[in-house]
Amino acid sequence: MSELNRIRAVARLMQDRGLGQEAAEVIALALFPLDVGPEGAPASRRFSKNITRRTNRFRKTAKSLAVDVLVDLARETIEDYLDLAVLHGEAYYIAKFGEATAGPAPWVAGAAEAGSDAASDSVVTGEVLDEVVSPPGTRWGRTGRG
């Protein structure tokens, strides 16, 4: 499900915010870091809880940020995810987040150069972010809670 949520988030960020694909992908990964299925199932319950806490902090902070700052925050968040994966010995997520953070951040420079003035000056409002992060019929990706 997280992969599907990431795909939806990328599409929404590109369409509604005018982001490039790379910038949208890094934000979507910060919003939906955990995968489902046997490969993506964390071995440590504490890892899952810590990732969820960090994701919630990112979502809360992201509501009021300009797009160019949001991309930087998403990258920092993914680096925090990598640190947590290393701390808990989660090999799958060490590889996943390590790949996402390896080398220079081309999406930061690419978004600044390719983005329009409207996209770089716009602010991600809570309403748009809620639409990106919440699957239909849920709020904050949790069913049964408001």
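The values are calculated or read from the model by the stated rules, or taken from the named source; none is laboratory data. Nothing here was measured: the structure is a model prediction, and the numbers come from that model. Glycine also receives a Cβ, built like all others from the backbone with ideal geometry; neighbour counts cover every protein chain displayed.
Tabulated data
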| read-out | value |
| --- | --- |
| Matching residues, region 81-93, being buried (at least 18 other Cβ atoms within 10 Å of the Cβ) and either in contact with a strand residue (DSSP E or B) (Cβ under 8 Å, 6 or more places away or on another chain) or aliphatic (A, V, I, L, M) (or both) | L82, L84, A85 |
| Residue that is more than 17 Å from the chain's Cα centre (by Cα) and either of a type in the set (A, V, I, L, M) or at pLDDT below 95 (or both), where the choices are T125, T143, T61 | T143 |
| Test: residue in region 19-42 that is charged (D, E, K, R) and crowded, with 20+ Cβ neighbours inside 10 Å | yes |
| Residues of region 17-51 satisfying the condition of being closer than 23 Å to L87 by Cβ and basic (K, R) | R45, R46, K49 |
